[in-house]
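Before any comments, here is the structure.
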């Protein structure tokens, strides 16, 4: 019986072939993540990207709001503390976003979203939004 030359290239040979090696079958464990467990689905990644953009805009808003600020310094301690508050206000949105991602990574996606929403409400750059200095 003649074999088709096209089928020879698609076969692995028989068990009598000296190059044939039987390897043990390794079964990979199934993914044990449940739908309710922490994970990164497409919708969650897009949502986190949107929140990242909002917090980035908040950082820019705080920078602009700090530059518009015109509070006179009465003494050295007051000037230092006021400048420190401005620096912390600029860093707060980025720190909140990273903190939620790091500290709540084992939590459900809904908890992370609620924490990020809380940050959006608490860290809004009101001096920039209202159009005046702090």
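Here, each number is a calculation from the coordinates, and none is a lab measurement. Here the structure is a predicted model, which means the values were calculated and not measured. Heads up, the Cβs are rebuilt from the backbone with ideal geometry, glycines too, and the neighbour counts pull from every protein chain shown.
Each of 80, 58, 128 was scored by other Cβ atoms within 10 Å of its Cβ. Arranged with the fewest first, they read 80, 128, 58.
With bins 10 Å wide beginning at 0, the percent of Cα pairs of segment 42-134 falling in each bin runs 16, 42, 25, 13, 3, 0.
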